[in-house]
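To start, the structure under review is shown below, and the notes come after it.
The values are calculated or read from the model by the stated rules, or taken from the named source; none is laboratory data. Only a predicted model underlies this, so the values are computations on that prediction, with no experimental measurement involved. Virtual Cβ from ideal backbone geometry, glycine too; neighbours counted across all protein chains shown. Note: areas computed on protein heavy atoms with side chains; ligands, DNA, RNA excluded. Shrake-Rupley method; radii C 1.70, N 1.55, O 1.52, S 1.80 Å.
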Amino acid sequence: MILFENVSKKYDNDQIAVNGIDLEIKKGEFFVIIGPSGCGKTTLLKMINRLIQLTEGTIRIDGKRISDYNIHELRWNIGYVLQQIALFPHMTIEENISIVPELKKWPQEDIQHRVRALLEMVGLDADKYSQRKPSELSGGEQQRVGVIRALAADPEIVLMDEPFSALDPISRSKLQDDLLELQRAIQKTIVFVSHHMQEALKLADRICLMKDGEIVQIGTPQEISQNP
Ligand code: ADP
Ligand code: ADP
């Protein structure tokens, strides 16, 4: 589904952030990229939806080079969740979640159904929350909305860059549980960046361990924990 062929990224300052990576991420897989700060995790992730341009190699999604996709088609079909909560403050929760479905010109009725269903999936009462502004939600609730917003237009792939690291341990653990349940229900391909091994072991189907722009180990949580 997502295929990296000898992919490298060199920044303008000659920093080689990602160095000759070959990698296959399977359809429906919960794939966690882990490693110390600065090892290239975010760079690897952002190359998938072309937020960062690669310098060498090829990335393919369903066999097609990402450079051959229309950029809107690519971005609208790949959900993206960041560490910093990035909801639009002047828009209601419903409007925030509706952004990509609106861009894709879904019928209003379908959008409203979708918003409701997603809010309920992460335990937020739609009647209570859909017309609120982000500032009227707790950090954990806002991050839930960030996660479901990325899923709103039913993308096949969701990229997540340390989505829970700004949260307290209890909210974090609860959101991890919710995300696992959500993933089991919807079967999307999730590429998740983390620097916490505990989090990776809990969430991943497979873990990829990076160091200095390269992959040093890749395997299931069981394989990784038996052979650290
Ligand atoms: P991680 O997500 O693992 O913390 P990054 O992918 O953000 O790592 O960064 C990998 C390396 O590339 C780091 O050394 C970082 O300083 C460098 N880097 C990241 N973004 C840029 C940029 N825009 N310009 C120059 N160097 C960058
Ligand atoms: P994150 O890893 O969560 O994306 P960072 O704090 O590493 O956050 O980076 C914030 C922004 O600064 C990113 O857009 C990244 O590309 C850029 N950046 C990171 N490292 C460097 C660097 N060494 N030189 C220039 N830009 C950088």
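One residue alone among 141, 199 is assigned to a helix (DSSP H, G or I) and within 16 Å of ligand 2 (Cβ to nearest atom), and that residue is 199. Determine whether residue 60 is on the phi > 0 side of the Ramachandran plot, in contact (Cβ under 8 Å) with a residue 12 or more places away in the chain and open to solvent by 50 Å² or more (accessible area, probe 1.4 Å). No; evaluated as a whole, the condition is false for this residue.
If you go through the range 20-79, how many residues are of a type in the set (Phe, Trp, Tyr) and within 16 Å of ligand 1 (Cβ to nearest atom)?
Start the filter on the range 20-79 by keeping residues that are of a type in the set (Phe, Trp, Tyr), which leaves 30-31, 69, 76.
Subsequent filtering for residues that are within 16 Å of ligand 1 (Cβ to nearest atom) retains 31.
So the answer is 1.
Taken over the range 77-116, the residue count meeting the criterion of being among the aromatic types (Phe, Trp, Tyr) and either more than 30 Å from residue 52 (Cβ to Cβ) or in a helix (DSSP H, G or I) (or both) is 0.
So that you can scan it fast, the table gives a plain yes or no per residue for (1) within 19 Å of the chain's Cα centre (by Cα); (2) aliphatic (A, V, I, L, M); (3) within 24 Å of residue 163 (Cβ to Cβ):
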site: 51; (1), (2), (3): yes, yes, yes
site: 56; (1), (2), (3): no, no, no
site: 61; (1), (2), (3): yes, yes, yes
site: 76; (1), (2), (3): yes, no, yes
site: 82; (1), (2), (3): yes, yes, yes
site: 85; (1), (2), (3): yes, yes, yes
site: 90; (1), (2), (3): no, no, yes
site: 93; (1), (2), (3): no, yes, yes
site: 104; (1), (2), (3): no, no, yes
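Of all the listed residues (203, 182), the sole one being at pLDDT 95 or above and either surrounded by fewer than 22 Cβ atoms within 10 Å (Cβ to Cβ) or in contact with a strand residue (DSSP E or B) (Cβ under 8 Å, 6 or more places away or on another chain) (or both) is 203. Just one of (1) open to solvent by 50 Å² or more (accessible area, probe 1.4 Å); (2) touching a Pro at 6+ places or on another chain (Cβ under 7 Å) trips up residue 87, so point out which. Only one criterion is unmet by residue 87, namely (1).
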